[in-house]
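K.L.:
Dropping the structure in here first, questions after.
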Amino acid sequence: MMDKLIITCAISGAEVKKEHNPAVPYTVTEMVEAAYQAYLAGAAIIHLHARLDDGTPTQDKERYREIYKAIKQKCPDLIIQVSTGGAVGMSREERADVLSILPEMATLDCGSVNFGGDEVFINTENDIIYFANRMNDLRVMYEMECFEKGHIDSTKRLIKKGIIKGHLHYSFVLGVNGGMTGEERDFMFLKDSLPENASFSVAGIGRYEFPLAELAILNGGHVRVGLEDNIYIEKGVLAKSNRELVEKVVEIAKKYNREIATPMEARKILEMENLR
Ligand code: KMH
Ligand code: ZN
């Protein structure tokens, strides 16, 4: 039997702006409201990028602390997964600053990928080792973001060396302009390449968001949606909110009788209970 479905909502991102969709949250109040509404709709995890009030992405630990605390005050049981990816061009140390607030969960980006134009999201092998070691030391649960198959292979090498350890949870981020596409065969290839006993979630960028969500729901995976990844509820129609995107996944899950995990159930599925 399949585990219940863990829905992650990537509410803010670092690249998407209010000019793209006015519902993208920047301020602390907007972040809390977006997280709360996503949670009410069925999200167990919030993937969080901090922003300044004017929308500038930041990895500043004090800004993260403020947002983290405010969200927790409103929804104490929600899992908050902070980004250690930050924005393209940030240094490794800048990106890791947020870990000092001791988040329950964070992303571990497992390789480099072109991000359109002149942009490259750089994650060298030493970067991956640096982040994994820090998160191991701080007992932070990590979700391994893989933008293509080579990134999964890199994690396997680091698992063998004992650097990546604990319950293995992956996120396939597919459809980035410069990365792997999110067609069914891409999904199957990645899913079949995972180490044994790993769990996975999918994050489809743009038009891949809901087709990939459906594939994951049918194949025992978990799903990430949110304005970081996709601003449309359907072709040409802007999503009114992060909540609306979560609601659409819940509808798809219902169609296939896949139950939705609460945050506590998600902690169990991801074997996070022994970390803290
Ligand atoms: N903003 C991207 C450059 C993550 O959150 O860990 C990186 C990103 C990955 O979003
Ligand atoms: Zn992110």
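Read-outs throughout are calculated quantities, based only on the coordinates presented, and are distinct from any laboratory measurement. All of these numbers come straight from a predicted model, not from anything done at the bench. Note that each Cβ is placed from the backbone with ideal geometry, even for glycine, and that neighbours are counted across all protein chains shown.
K.L.:
Scan region 58-82 for residues that are out of contact with any Leu (no Cβ under 8 Å at 6 or more places or on another chain), within 22 Å of Ser201 (Cβ to Cβ) and within 16 Å of ligand 2 (Cβ to nearest atom) and jot them down.
P.N.:
Correct list: Ile79 only.
K.L.:
Out of Asp97, Asp60, Asp77, I need the residue that is surrounded by fewer than 18 Cβ atoms within 10 Å (Cβ to Cβ) and either touching a residue at least 60 places away in the same chain (Cβ under 8 Å) or over 19 Å from Ala35 (Cβ atoms) (or both). Which one? So that I can check it myself, show each step before the final result.
P.N.:
Numbers: Asp97 fails: surrounded by fewer than 18 Cβ atoms within 10 Å (Cβ to Cβ); Asp60 fails: either touching a residue at least 60 places away in the same chain (Cβ under 8 Å) or over 19 Å from Ala35 (Cβ atoms) (or both).
Just a single option satisfies the conditions, and that option is Asp77.
K.L.:
Continuing with this model, one more query. Can Val120 be described as within 15 Å of ligand 2 (Cβ to nearest atom) and among the hydrophobic types (A, V, I, L, M, F, W, C)?
P.N.:
Numbers: within 15 Å of ligand 2 (Cβ to nearest atom): no; among the hydrophobic types (A, V, I, L, M, F, W, C): yes.
It is false that Val120 is within 15 Å of ligand 2 (Cβ to nearest atom) and among the hydrophobic types (A, V, I, L, M, F, W, C).
K.L.:
Looking at region 98-111 only, could you name the residues that are assigned to a helix (DSSP H, G or I), within 14 Å of ligand 1 (Cβ to nearest atom) and farther than 19 Å from Asn274 by Cα? Reasoning before the result, please.
P.N.:
Start the filter on region 98-111 by keeping residues that are assigned to a helix (DSSP H, G or I), which leaves 98-101.
Then keep just the ones that are within 14 Å of ligand 1 (Cβ to nearest atom); that gives 98-99.
Of everything in region 98-111, just one residue is assigned to a helix (DSSP H, G or I), within 14 Å of ligand 1 (Cβ to nearest atom) and farther than 19 Å from Asn274 by Cα, namely Val98.
K.L.:
Return a yes/no flag: does region 61-72 have any residue that is within 13 Å of ligand 1 (Cβ to nearest atom) and within 21 Å of Met144 (Cα to Cα).
P.N.:
First, pick out the residues of region 61-72 that are within 13 Å of ligand 1 (Cβ to nearest atom): 64.
Now narrow it down to the ones that are within 21 Å of Met144 (Cα to Cα): 64.
Yes - at least one qualifying residue is present in region 61-72.
K.L.:
So, one more: Is there a residue in region 224-245 that is part of a strand (DSSP E or B) and under 25 Å from Lys165 (Cβ atoms)? Break it down into steps so the answer makes sense when it comes.
P.N.:
Applying the first criterion (part of a strand (DSSP E or B)) to region 224-245 yields 224-225, 232-234, 237-238.
Add one more test, that the residue is under 25 Å from Lys165 (Cβ atoms), and what stays is 224.
Yes - at least one qualifying residue is present in region 224-245.
K.L.:
A follow-up question, please. Of everything in region 1-16 that's within 16 Å of ligand 1 (Cβ to nearest atom) and buried (at least 19 other Cβ atoms within 10 Å of the Cβ), which residue is farthest from Met264 (Cα to Cα)? So that I can check it myself, show each step before the final result.
P.N.:
Start the filter on region 1-16 by keeping residues that are within 16 Å of ligand 1 (Cβ to nearest atom), which leaves 8-16.
If we keep only those that are buried (at least 19 other Cβ atoms within 10 Å of the Cβ) as well, we get 8-14, 16.
Details: Thr8: 14, Cys9: 16, Ala10: 19, Ile11: 20, Ser12: 23, Gly13: 25, Ala14: 28, Val16: 30 Å.
Result: Val16.
K.L.:
I'm trying to understand the selection: among the residues of region 1-36, which are under 20 Å from His222 (Cα atoms) and among the polar types (S, T, N, Q)?
P.N.:
If the condition is that a residue be under 20 Å from His222 (Cα atoms) and among the polar types (S, T, N, Q), then Thr8, Ser12 are the ones that fit.
K.L.:
Listed residues Gly166, Gly162; which is outside any strand (DSSP E or B), in contact with a helix residue (DSSP H, G or I) (Cβ under 9 Å, 6 or more places away or on another chain) and on the phi > 0 side of the Ramachandran plot?
P.N.:
Working: Gly162 fails: in contact with a helix residue (DSSP H, G or I) (Cβ under 9 Å, 6 or more places away or on another chain).
After ruling out the rest, the residue left standing is Gly166.
K.L.:
Another question, then. Surrounded by 15 or more Cβ atoms within 10 Å (Cβ to Cβ), closer than 25 Å to Asn230 by Cα and of a type outside the set (A, V, I, L, M): does that describe Arg65?
P.N.:
On the way: surrounded by 15 or more Cβ atoms within 10 Å (Cβ to Cβ): yes; closer than 25 Å to Asn230 by Cα: no; of a type outside the set (A, V, I, L, M): yes.
Considered against the rule, which asks whether it is surrounded by 15 or more Cβ atoms within 10 Å (Cβ to Cβ), closer than 25 Å to Asn230 by Cα and of a type outside the set (A, V, I, L, M), Arg65 comes out as no.
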